[in-house]
Amino acid sequence: MTNYYTSVCFNFFIFLIFTGINVNNIAYAQQQTRSGPIQTTASVDFMVVDWNTALITSASMKATIFCYVYDYKSSLQTCKKVEQNVFTDSEIISALKEKYITLSVDLNSTLGRKLLKDAKVVIRSDKYPAYLFLSQYGELLLQESGYKSVSDFKKLLKRVEETPTTEEIEEGNIVPVNYEFDLYKSLYRQYQEGNRAPDFLKKCIWSLKSFQNLYPDLINDYLSVIPAKEYSTDENSQIILEFADQYNTKAYHALLADKKTFVDKFGNEKVNNVLKNAIRGAVLPASRAKTGGLFMLNNLMGSLRTLGLSDVEIFEFEMRSLFFTQTGKWEDYSNVAVSFMKKDLPLPASDLEDLTWNFVYHVSDKIKLEQAVKYYKKSVSKTPPTYSSCETFAALLYKSGSKRKAMKEITEAIQIAKNKRMNYGSALRVEGYIRSKKPIPIGFKELEF
């Protein structure tokens, strides 16, 4: 595929010069084609480029854009599983090569975050990887997240091929290929022409659920045209709960305003999870904002007190951590983490591991590291030591300067692994760093997959 891109770039060389576009962008695209996450021999050929270059290339090829958005910090195993199982499938490789510009977007890189900003795409889920399909004009056609099997991904490709663009719909050039899209065209046309009858909007909500990126105002319109007293009916309660996971929408405010009723119907945990997802979904765009991101975050955190969460302090820490890890502001992250640890509140095991390894990778302040050592030790003191907990604690102790204690912990980790007949290669590597007095590299834990 590299040769194919070379040909395209050569053919458009003169065009780019006369239009004033920097040809270095295309050259960079060619050079970076294999710089994405895929490491296997036969796999999808991904480009790592800026958004402008992607649009130029897709326009020249008249091809749809596919962005594979991955986050090794939060979802390493899921991302790797997709890369190793899905993007090595010969049919998928062929389909993407024939009809798509394929981009890999590292959510933790400056280039990756900038591409999403320039493309004006907001990831609506904190589950990764994310799959974005955009037209050659940059219009979002489909967005999905989480693990997909080969079969699942082929279904996504089929949906994309059948999805009409807004331009096609408005010009009347779309020929529906099945009932679902025929229905979509009819309903969307009526909606554009101003139909706001409650029954019609309700039909749109459920019929077009799989096209939610194409009708962002439907829920707000529906809740605006029906009396507020009808929000509590079974059907409308279900609609509100289903779509309240977008912050500051009418559904979100309706859920919050009558939270007790919703809790009685659906349970406290489910309602709180919807509200948390709404906040989480707003924190991610705030972390990618060019300006005012911290102001947006603080406003979001201020609204947490109105949610009635029993674990509000833990959730606030998780959201502030999410923001600062996404923006790479490790000094701010460590300050927030130390303040939280001093409150002596518990963290879920996975969050505790993430916090500890972030300190190992990014914090050098002696006092902060000592606080992390104290907090981690107390957090795991009530449970029997495990291979993972001993290895993590050893790494933290070593970073804090306690080499002797670190050796003791890593020796215990190795012994636990031997007793359980586990692989302890990572512990041996930690031991090697300790003995050689070399720093543990950033991303060490992720590389263990």
Reported set for the range 289-312 where residues are touching a Leu at 6+ places or on another chain (Cβ under 6 Å) and either open to solvent by 50 Å² or more (accessible area, probe 1.4 Å) or of a type in the set (Val, Ile, Thr) (or both) is Val312
Counted residues in the range 99-139 being touching a residue at least 24 places away in the same chain (Cβ under 8 Å) and farther than 20 Å from Val82 by Cβ come to 12
Residue set Arg429, Arg435; condition closer than 26 Å to Gln77 by Cα, in a helix (DSSP H, G or I) and open to solvent by 30 Å² or more (accessible area, probe 1.4 Å); output residue Arg429
Of Ile367, Ile442, the only residue that is more than 29 Å from the chain's Cα centre (by Cα), open to solvent by 70 Å² or more (accessible area, probe 1.4 Å), within 23 Å of Tyr333 (Cβ to Cβ) and not charged (D, E, K, R) is Ile367
Among residues of the range 376-398 being open to solvent by 60 Å² or more (accessible area, probe 1.4 Å) and in a helix (DSSP H, G or I), the residue farthest from Lys342 (Cα to Cα) is Lys377
Restricted to the range 399-426 and to residues being more than 25 Å from Gln371 (Cα to Cα) and not in a helix (DSSP H, G or I), the residue most open to solvent (accessible area, probe 1.4 Å) is Arg421
Checked the range 322-361 for anything more than 23 Å from Tyr398 (Cα to Cα) and either open to solvent by less than 30 Å² (accessible area, probe 1.4 Å) or part of a helix (DSSP H, G or I) (or both); matches are Leu322, Phe323, Phe324, Gln326, Thr327
Note on the range 46-78: residues part of a helix (DSSP H, G or I), within 21 Å of the chain's Cα centre (by Cα) and surrounded by fewer than 21 Cβ atoms within 10 Å (Cβ to Cβ) are Tyr72, Lys73, Ser74, Leu76, Gln77, Thr78
inquiry  = Condition (residue is touching a residue at least 24 places away in the same chain (Cβ under 8 Å), touching a Gly at 6+ places or on another chain (Cβ under 7 Å), open to solvent by 10 Å² or more (accessible area, probe 1.4 Å) and not in a loop (DSSP other than H, G, I, E, B)) applied to the range 83-96: is it met by at least one residue?
reply    = no
Condition set among the aromatic types (Phe, Trp, Tyr) and modelled with pLDDT under 90, scope the range 177-227, selection surrounded by the most Cβ atoms within 10 Å (Cβ to Cβ): answer is Tyr184
Original post:
Quick check, is Met1 at pLDDT below 50, open to solvent by 30 Å² or more (accessible area, probe 1.4 Å) and more than 21 Å from the chain's Cα centre (by Cα)?
Top reply: yes
From the option list Ser151, Ser104, single residue qualifying as open to solvent by 30 Å² or more (accessible area, probe 1.4 Å), at pLDDT 90 or above and of a type in the set (S, T, N, Q) is Ser151
Any chance Leu115 is at negative phi, touching a helix residue (DSSP H, G or I) at 6+ places or on another chain (Cβ under 6 Å) and modelled with pLDDT under 90 = no
Taking the range 275-288 and the residues there that are in contact with a Gly (Cβ under 9 Å, 6 or more places away or on another chain) and at pLDDT below 90, the one that is surrounded by the fewest Cβ atoms within 10 Å (Cβ to Cβ) would be Pro285
Note on the range 235-274: residues open to solvent by less than 10 Å² (accessible area, probe 1.4 Å) and in contact with a Pro (Cβ under 9 Å, 6 or more places away or on another chain) are none
Over the range 113-157, the set of residues part of a loop (DSSP other than H, G, I, E, B), aromatic (Phe, Trp, Tyr) and in contact with an Asp or Glu (Cβ under 8 Å, 6 or more places away or on another chain) is Tyr128, Tyr137
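The values are calculated or read from the model by the stated rules, or taken from the named source; none is laboratory data. In this text, all values refer to a predicted model and were calculated from it rather than measured experimentally. All Cβ positions, even for glycine, are placed from backbone atoms using ideal geometry, and neighbour counts span all protein chains on display. Note: areas computed on protein heavy atoms with side chains; ligands, DNA, RNA excluded. Shrake-Rupley method; radii C 1.70, N 1.55, O 1.52, S 1.80 Å.
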